[in-house]
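Since the structure comes first, as structure tokens, the remarks are kept for the end.
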Amino acid sequence: AEMDVNKFWDAVLRQDADKIRHYFKQTAYINWHCTNEHFTVEEFIQANCEYPGQWDGVVERIEDIGNLLITATKVFSKESDLSFHVVPFIKTENDKIISMDEYWGDDGTAPQWRLEKGIGTIIH
């Protein structure tokens, strides 16, 4: 059976270490490019599961290209108005993740200089 990326995201957002581990090959690695961090599976699980706060999210887009899954996921705090968008490039082999390259961006308003120019409109 093909990896269920929605269930994977559910485990990540719930910070469920045992369920997350199930999706990875033991030798997999995870890169967080925006902060220049390289993790083993266990380090990634620790970073994800010990991240402070309670989180939820919604997978907004999924692209499935051979052995590469790409998602755009909105991740948001249950306790505050903090939110992020993350785009992981997930490489799989035999339905296990062998590598994941994630790009995290903070959500927020457009910078003042663009607002002053009056260019663009809100997406939704």
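Per residue, how much accessible area does region 1-66 have with a 1.4 Å probe, in Å²?
67 Å²
Given the options ILE98, ILE70, VAL41, identify the residue whose Cα lies farthest towards the positive end of the charge dipole of the chain (+1 on Cβ of Lys, Arg; -1 on Cβ of Asp, Glu).
ILE70
Within the chain, what whole-number % of the accessible surface is contributed by carbon and sulfur, with the 1.4 Å probe and all protein chains included in the calculation? All intermediate terms of the calculation are to be shown ahead of the outcome.
Working: 4290 of 8360 Å².
Percent of accessible area from carbon and sulfur atoms in the chain: 51.
Please identify every one of the GluC sites (Glu not before Pro) in region 73-113 that sits in a loop by DSSP and has no more than 16 other beta carbons within 10 Å of its own beta carbon. List each step's numbers first, then the result.
Details: sites: GLU79, GLU93, GLU102; in loops: GLU79.
Filter output for region 73-113: GLU79.
Compute, for ASP81, the solvent-accessible surface of its heavy atoms (probe 1.4 Å) with the complete set of protein chains present, and express it in square angstrom to the nearest 10.
Accessible surface of ASP81 is approximately 150 Å².
If you place +1 on the Cβ of every Lys and Arg, -1 on the Cβ of every Asp and Glu, and leave all else neutral, what size is the dipole of region 16-55 about its Cα centre, to the nearest 20 Debye?
On the way: 3 positive and 6 negative charges, 34 e Å.
Using only the charged Cβ atoms, the result is roughly 160 debye.
Report the percentage of all Cα-Cα pairs in the chain whose separation exceeds 23 Å, rounded to a whole percent.
Details: 2557 of 7626 pairs.
In whole percent, the long-distance tail amounts to 34.
Using only Cα atoms, tell me the angle between helix 5-14 and the longest principal axis of the chain; keep it within 0 to 90° and round to the nearest 10.
Taking Cα atoms only, the helix is inclined about 80 degrees.
So for the chain, averaging the separation of alpha carbon pairs under 8 Å that are six or more residues apart and normalising by length, what relative contact order in percent results?
On the way: 203 pairs, mean separation 28.2, N = 124.
The normalised contact order for the chain reaches 23 percent.
Give the accessible area for THR35 in Å² (nearest 10); use a 1.4 Å probe, count only protein heavy atoms, and leave out ligands, DNA and RNA.
THR35 exposes around 90 Å² with every protein chain in place.
The values are calculated or read from the model by the stated rules, or taken from the named source; none is laboratory data. Please read all numbers here as calculations on a predicted model, not as lab measurements. Quick reminder, even Gly has a Cβ in these numbers, built from the backbone with ideal geometry, and neighbours come from all protein chains shown. Heavy atoms of the whole protein, side chains included, go into the accessibility calculation; ligands, DNA and RNA do not. Shrake-Rupley method; radii C 1.70, N 1.55, O 1.52, S 1.80 Å.
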